Amino acid sequence: SDIDWPAFAAALAPVETIAEPVLVKKRSRDFFWYSPILNQKLRTCFGDLVARPKTRAELAHCLAVAWRHDAPVTLRGGGTGNYGQSVPLHGGLIVETTDLNRVLEIGPDFVRAEAGALMADVNTALADAGQEMAMFPSTQDIATIGGFVAGGSAGIGSVANGPLRQTGNILQIKAFSVEERPVEHVFGGSDVLRIHHAWGLNGVISEVTLRTVPRRDWISCMATFDSYGAAYRAGLALAESTRIDRKLASVVDARITGYFPRLTGHIRPGKHLLVSLVPREDLDAFRTLIAAQGGYPDLTLQEAEREALNIPHVFEFAWNHTTLQVLKADRTATYQQYGVNDPADAAGIEALHDKLGDRVWMHHEFSRYDGRVTASDLPIIWFEGEDHLRQTDRLYAANGCTVYDAHTNEIEGGGMKPDYRHLALKKRMDPKGLLNMGKSRAWDAVRHLPPEEIAALAAPTA
Ligand code: FAD
């Protein structure tokens, strides 16, 4: 770009900046390398300068300076997204939020925190008040609460409390516009959904208020089964149980557990695995359920026991951490995201499991939306090229699943933004289109329109 970056950095003062190319490059990456397709596309995309605001006033100043210079702006929390959401495609300024990290208020059933607060720190603060986040991702040690709301969707807790987009989970978002004088707007009600999972395209989140739930004494549980179908049925029964208040129900193919060396000696080898977190008072009911489903409760550990045995948190074998365990050993693996249209159809899942063969290993996560149990599959895929991936997508689609493509860095591609209302908001919040440039396929076609017209446009097709 033709921006004079040293002058730009000087204009940002007193905001801390990082210009050292090695460090800027490091902050231009996220976990896009899970996808060989995104890895090819994004590994040479870097920003020009990093800013680390410590206050809202500093954050607003960064945005005003960027607006003056027409500089692309990419927000970054922990940089743990999987779709290259925080990779600057057109260079420019990276605003890293991790110093804007105060937990501001803990109410009876909510927490209000600055965008850059680490979720592990939020959970620690909540624990003192007898609460915990209604759901959080397994990356809580490095991921921010603002990054979760802007780039994530669900996690540990979602099988009880729904995904982030469930009404009542995101209570409020405060976000700055990018203009000459950035304004902090407050979003409540269903308006929060325009900003949620919009990847920082349509506003710079400064603060979020999320629902919290009473803290429980969680027991880490792992049960094993002789067939994938049996493990899936047990996961489904656990997710549907009204007797057991589980906050995790993950089913993992036996072949994937071969990549869990830290569980060696703790679970039966070569068996299909159900991973869960169950409140202490529901443990007997859990054991009964596992036995009724033909499984073995190999591991049921209190926190102190788990730590003494040096076993990781069980959620590190769930959600997208399952994929990471395999990738740690072999970078030729990848994954995909599929929604199961009828989670109750365990026979259908079993049949598909057999059709997938040697190169695709199932891993299901149960969740809950509007009270109904949902299931998604995040299989390990031994990548043989994009044709094989798309063939796998078609096989899943023909067997009752919906593809939520994890190999695209376009907001329209992942299936979470089925209309253009988030771009109508972008027109208001970011009229120059500086935020996370290049991540919306539709923006260039609609940016000249007034917001009302953008909002009324027909839904995009994938
Ligand atoms: P980043 O990656 O830094 O940013 C994510 C997006 O949000 C980017 O588009 C960025 O530009 C934008 N953004 C960041 N901060 C702001 C802000 N203040 N204002 C506006 N936009 C902003 N995700 C889940 O949902 N559930 C899971 O269970 C889960 N498990 C994971 C497991 C592993 C091993 C990995 C690698 C990833 C996983 N993820 C999961 C994805 C990711 O870790 C989470 O979504 C995480 O919460 C993202 O937070 P972050 O701070 O790292 O965000």
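Among the aspartates and glutamates, select those whose C-alpha is under 19 Å from the C-alpha of residue 427, and discard any that sit fewer than 8 residues away in the same chain.
70, 179, 180, 184, 191, 410, 412, 419, 444, 452, 453
Count the net charge of all other residues whose Cβ sits under 12 Å from the Cβ of residue 94, scoring Lys and Arg as +1 and Asp and Glu as -1.
Net charge in that neighbourhood comes out at +3.
Add +1 for every Lys or Arg and -1 for every Asp or Glu among the other residues with Cβ under 15 Å from the Cβ of residue 391, and state the total.
Working: positive: 355, 359, 390, 394; negative: 358, 384, 386, 387, 393, 405.
Once positives and negatives cancel, what remains is -2.
Under 29 Å Cα to Cα from residue 328, which lysines show up? Leave out anything in the same chain fewer than 8 places away.
Hits, sequence-local ones excluded: 25, 26, 41, 247, 271, 355, 439.
So for each of 45-58, 260-273 I average, over its residues, the number of other beta carbons within 10 Å; can you give me the resulting order with the highest mean first?
Most protected by this proxy first, the peptides run 45-58, 260-273.
Starting from the coordinates of the alpha-carbon atoms of region 210-312, obtain the Kirkwood hydrodynamic radius over all distinct pairs and give the value in Å to one decimal.
This gives a value of 13.8 Å.
Charges only on Cβ, +1 for Lys and Arg, -1 for Asp and Glu: so what's the dipole of region 14-63 about the Cα centre, in debye to the nearest 20?
180
Roughly what % of DSSP beta bridges within the chain run antiparallel, to the nearest 5?
90
For the ranges 417-430, 276-289, what's the packing order if you count other beta-carbon atoms within 10 Å of each residue, average per peptide, and put the highest first? Display every interim value, and only then the final one.
Values: 417-430: 22.3, 276-289: 18.4.
Ranked by mean Cβ neighbours within 10 Å, highest first: 417-430, 276-289.
Cα-Cα pairs above 31 Å in region 218-403: how many percent?
So the portion of pairs separated by more than 31 Å is 12 percent.
Run the dipole for region 5-96 about the Cα centre, Lys and Arg Cβ at +1, Asp and Glu Cβ at -1, nothing else charged, and hand back the magnitude in debye, nearest 20.
200
Within a Cβ distance under 10 Å of residue 440, other residues only, what is the Lys/Arg minus Asp/Glu net charge?
That sum, taken over residues with Cβ under 10 Å, equals +2.
Can you tell me the Rg and Dmax of the chain, counting just the alpha carbons, in angstroms?
Reported Rg and Dmax, both Å: 22.1, 68.
Which shape class, rounded, prolate or oblate, goes with region 315-356 when its Cα gyration tensor gives a ≥ b ≥ c as root eigenvalues, a/c under 1.5 marks rounded, and past that a/b bigger than b/c marks prolate?
Prolate, since a/c reaches 1.5 and a/b exceeds b/c.
Read the figures in this text as sums done on the coordinates, not as results from a lab. This one's a predicted model, so the numbers in the text were calculated from it and none came from an experiment. FYI the Cβ positions are ideal-geometry reconstructions off the backbone, even for glycines, and counts take in every protein chain you see.
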